[in-house]
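**Student:** The structure follows.
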Amino acid sequence: MNVSTTRRQALVLGASGALPMLARAQAGADFPTHPVRLIVPFAPGGSTDILGRLLSKHLFPASGQPMVVENMAGAGGNLGAALVARSPADGYTLEIGAMSTHAMNGSLYKQLAFDPMNDFDTVAMLAYAINVIAVSPSVPARTFPELLAYIRANPGKLNYASGGIGTHNHLTLALLAKTAQLDIVHVPYKGGGPAVAALLQGECQMFAGGASLLLPHAQAGKVRLIAVTEKTRSDLLPDVPSAAETLKGFEVTNWYGVFAPKGLDAARRSLINHEINRVTGLPEVAERLKGLGMVRAPVDPLQLREILQADYRLWSSTIKSLGIASE
């Protein structure tokens, strides 16, 4: 998929100007007047949870109101997302969601208690996580073109690990196989940790996941980073090429955003958006994001909606064509 102008702007242009005074007044200058719930639809300790807690420390400091992070894990993020979809659209219940919960799950799960596209208002983008394709040192390929050539010369002989059917690392390499017409074997594990362990132990030869997860192993010589899956190279990994440099049209991003129940007042949504963009621009927050292998991506709510719609179309088509269904 070609990167949209909106996505490029999200990565390089930064937040827009200050919130107009009229919009601030319409949103209510005293918002929030009681605690805001930040629902994380995954277990504690993961990237989404870390982002939620990082955000909660800095939101609306002058209000004196706590931002309460609540973990509600289950069904690939669907339980927490469903709770937010059923909540009042007043800005006091927000979801710290991921691309998977809103762009993938609608096609992975046959029955959902919510509509991931139509039951939410997009509020703000938090960050993109740099996604990397890694191989075991046992694989002779040292570059992405060499990897493609090696797989084509050895069809069905390379296994790739994932954290389970329908996970981001599964779908990344499934899309790669489809785009490049590769014969590689998927081996699902129960979580990203066991999948990485399988790569390190040589049970599988390929894995796609976050840079923060793979970089320490690459620095120790236990895995080789072959390519990032974004459209262009990342400043965080300048020596790792983009897969799109070789395989035109292949792009996989992994982003995290904030969502509200459908019907949130536009002025209040704009107010929350500007506050979140302010927080992600704080030096200490930016440094923490960098340590997580993430890139700040401030956009307005409508731009986030466009990004979501593009990724929803991509993954709906991919998941349907590959016949993938959640476990």
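**Student:** Would you mind computing, in nm to one decimal, how far apart the modelled labels at ALA73 and ARG152 are, each placed 7 Å from Cα along Cα→Cβ?
**Tutor:** Label-label distance for ALA73 and ARG152, simple model: 4.2 nm.
**Student:** Given that just one value was derived from the coordinates, which of [x] 24.0; [y] 20.2; [z] 21.5 is Kirkwood radius over Cα pairs in Å?
**Tutor:** Here the calculated entry is [y].
**Student:** Share of antiparallel DSSP beta bridges in region 131-245, in percent to the nearest 5?
**Tutor:** Bridges in region 131-245 that DSSP calls antiparallel: roughly 60 percent.
**Student:** Sort 30-39, 201-210 by packing, meaning the average of other beta carbons within 10 Å per residue, with the highest value first.
**Tutor:** 201-210, 30-39
**Student:** Mark the label point 7 Å from the Cα of SER87 along Cα→Cβ and return the residues of region 34-55 whose backbone N is within less than 11 Å of it.
**Tutor:** Within reach of a label on SER87: 35-41.
**Student:** May I pose another question? Grab the beta carbon distance between SER63 and ALA43, set R0 = 41 Å, and tell me the FRET efficiency rounded to 0.05. Walk me through the numbers on the way to the answer.
**Tutor:** Numbers: r = 29 Å, r/R0 = 0.70.
Calculated value: 0.90.
**Student:** Oh, and also: Carbon-plus-sulfur fraction of the accessible area of the chain, 1.4 Å probe, in percent?
**Tutor:** After summing per-atom areas, the C and S share lands at 53 percent.
**Student:** Under a 5 Å amide H to amide H cut-off, with H placed in plane at 1.01 Å, what residues pair with SER162 once short-range neighbours are removed?
**Tutor:** VAL187, TYR189
**Student:** Can you spot the lysines whose alpha carbon is less than 23 Å from LYS290's alpha carbon? Ignore those fewer than 8 places along the same chain.
**Tutor:** LYS57, LYS222, LYS231
**Student:** How far is the Cα center of region 123-159 from the Cα center of region 239-312, in Å?
**Tutor:** A separation of 24 Å, based on Cα centres.
**Student:** Name the residues of region 150-174 whose amide N is less than 20 Å from a point 7 angstrom out from the Cα of GLN181 along the C-beta direction?
**Tutor:** 150-158, 173-174, by backbone N distance to the label point.
**Student:** Given a 10 angstrom Cα cut-off, can you work out which residue in MET125, MET104, MET117 is the most mobile in a GNM of the chain?
**Tutor:** The residue with the greatest mean-square fluctuation here is MET117.
**Student:** Kindly report the accessible area of the chain per residue (heavy atoms of protein chains, probe 1.4 Å, no ligands, DNA or RNA), in Å².
**Tutor:** Normalised by residue count, the accessible surface of the chain is 42 Å².
**Student:** Nearest-5 percent of antiparallel DSSP beta bridges in the chain?
**Tutor:** 60 percent
The values are calculated or read from the model by the stated rules, or taken from the named source; none is laboratory data. Predicted model, so just to flag it, every value in this text is computed and none were measured. Cβ coordinates were reconstructed from backbone atoms using ideal geometry, including for glycine residues, and neighbour counts include every protein chain displayed. Accessible surface areas use protein heavy atoms only, side chains included; no ligands, DNA or RNA. Shrake-Rupley method; radii C 1.70, N 1.55, O 1.52, S 1.80 Å.
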